[in-house]
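Take a look at the structure below.
The values are calculated or read from the model by the stated rules, or taken from the named source; none is laboratory data. Note that the structure is predicted; figures quoted are calculated from it, not measured. Positions of Cβ are backbone-derived with ideal geometry, glycine not excepted, and every protein chain shown enters the neighbour counts.
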Amino acid sequence: MELCIALDMPSAAENLNLVESLGEYDGLWMKVGFRSYIRDGRYFIDTIKSINPNFKIFLDLKLYDIPNTMADAAMEIAALDIDMFNIHASAGAKAMKTLMQRLEGLDERPLVLAVTALTSFDNDEFEAIYGASIEEKAVDFASLAYENGLDGVVCSAFESRALKEARPGFLTLSPGIRPFGEDAQDQSRVADLKMAKESLVDFAVIGRPIYKSENPARTVKRVLQSMESL
Ligand code: C5P
């Protein structure tokens, strides 16, 4: 299981201070989401890579649009020197296929994940939108993503195990991780590190429990140590 840190703080300076304090951790994943990318764009990505070229970047923009627009956006994303990005599975099979076909034309492409159910949804809210339970729909969405050549899915730790067991090698990335049982905040389906590991999660995304902690660099160290020992 790998750690992916959500860089969702209010300014580039705060996020980059955190990134700098973690400069020694080769291979650590940094999640750049709406807040940071909309505000700080390409400069932010380039600066993270300049701090340590071995940091990995997950661009969490959750694309959702018509197939051609998504494929065009995916090609622009691939030109950004990032390592992974995501789309909404509910954009459908045609969008997934068009986008993956376009990316396959590149010498090297980033990993592509499909969002199944946002981890902030509880079952009632999810059912009101999608007409099925999270469990059911996560399986359908994962099948769709797998059949259309994506590399994995974004799902909560609660869905990860079943999805992994059905398709070994297909990646799962789970937000809503509260490493040592911290407050769930607006997340509904949260898991600690132990549960994430038992659920075969490949990437554990952690935001507020790290950047809102008293000493974020120390918290990261503790999380990494705990991940190794599990
Ligand atoms: O602060 P916290 O650890 O809850 O951050 C979780 C991060 O993961 C946020 O950046 C949020 O946008 C993102 N995310 C999520 N649920 C998803 C996909 C992404 O919480 N399904």
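Here are the numbers:
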{"item": "Subset of the stretch 43-72 (residues that are within 16 Å of Met100 (Cα to Cα), surrounded by fewer than 18 Cβ atoms within 10 Å (Cβ to Cβ) and among the hydrophobic types (A, V, I, L, M, F, W, C))", "result": "Ile66"}
{"item": "Condition check for Asp202: acidic (Asp, Glu) and either farther than 15 Å from Leu28 by Cβ or touching a Pro at 6+ places or on another chain (Cβ under 9 Å) (or both)", "result": "no"}
{"item": "Qualifying residues in the stretch 190-219 (those that are assigned to a helix (DSSP H, G or I) and within 13 Å of the ligand (Cβ to nearest atom)) - the one nearest to Leu113 (Cα to Cα)", "result": "Ala196"}
{"item": "Options Asp65, Asp60, Asp107: the member that is in contact (Cβ under 8 Å) with a residue 24 or more places away in the chain and in a loop (DSSP other than H, G, I, E, B)", "result": "Asp65"}
{"item": "Residue in the stretch 18-41 that is under 19 Å from the mean Cα position of the chain (by Cα), farther than 23 Å from Lys221 by Cα and more than 15 Å from the ligand (Cβ to nearest atom) present", "result": "yes"}
{"item": "Complete set of residues in the stretch 161-186 that are in contact with a strand residue (DSSP E or B) (Cβ under 9 Å, 6 or more places away or on another chain) and touching a residue at least 60 places away in the same chain (Cβ under 8 Å)", "result": "Leu171, Leu173, Pro175"}
{"item": "Filter result (closer than 13 Å to Phe158 by Cα and in a loop (DSSP other than H, G, I, E, B)) within the stretch 121-132", "result": "Phe121, Asp122"}
{"item": "Candidate set from the stretch 147-189 (those that are of a type in the set (Gly, Ala, Ser) and part of a loop (DSSP other than H, G, I, E, B)); member that is surrounded by the most Cβ atoms within 10 Å (Cβ to Cβ)", "result": "Ser156"}
{"item": "Odd one out for Lys94 among (1) closer than 15 Å to Ala145 by Cβ; (2) out of contact with any helix residue (DSSP H, G or I) (no Cβ under 7 Å at 6 or more places or on another chain); (3) surrounded by fewer than 16 Cβ atoms within 10 Å (Cβ to Cβ)", "result": "(2)"}
{"item": "Selection status of Leu3, outside any helix (DSSP H, G or I), hydrophobic (A, V, I, L, M, F, W, C) and at pLDDT 95 or above", "result": "yes"}
{"item": "Residues within the stretch 190-207 that are surrounded by fewer than 21 Cβ atoms within 10 Å (Cβ to Cβ) and either touching a Cys at 6+ places or on another chain (Cβ under 6 Å) or free of Cβ contacts under 8 Å to residues at least 24 places away in the same chain (or both), tallied", "result": "1"}
{"item": "Any hit, the stretch 7-18, residues being touching a Gly at 6+ places or on another chain (Cβ under 7 Å) and either part of a helix (DSSP H, G or I) or surrounded by fewer than 21 Cβ atoms within 10 Å (Cβ to Cβ) (or both)", "result": "yes"}
{"item": "Criterion (in contact with a Phe, Trp or Tyr (Cβ under 7 Å, 6 or more places away or on another chain), over 16 Å from Gly152 (Cβ atoms) and hydrophobic (A, V, I, L, M, F, W, C)) met by exactly one of Leu28, Leu80", "result": "Leu28"}
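Matching residues to (1) in contact with a helix residue (DSSP H, G or I) (Cβ under 8 Å, 6 or more places away or on another chain); (2) closer than 19 Å to Ile57 by Cβ; (3) at pLDDT 95 or above; (4) within 14 Å of the ligand (Cβ to nearest atom):
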residue: Thr119; (1), (2), (3), (4): no, no, no, yes
residue: Asn123; (1), (2), (3), (4): yes, no, no, no
residue: Ile134; (1), (2), (3), (4): yes, no, no, yes
residue: Ala142; (1), (2), (3), (4): yes, no, yes, yes
residue: Ala145; (1), (2), (3), (4): yes, no, yes, yes
residue: Leu150; (1), (2), (3), (4): yes, yes, yes, no
residue: Val154; (1), (2), (3), (4): no, yes, yes, yes
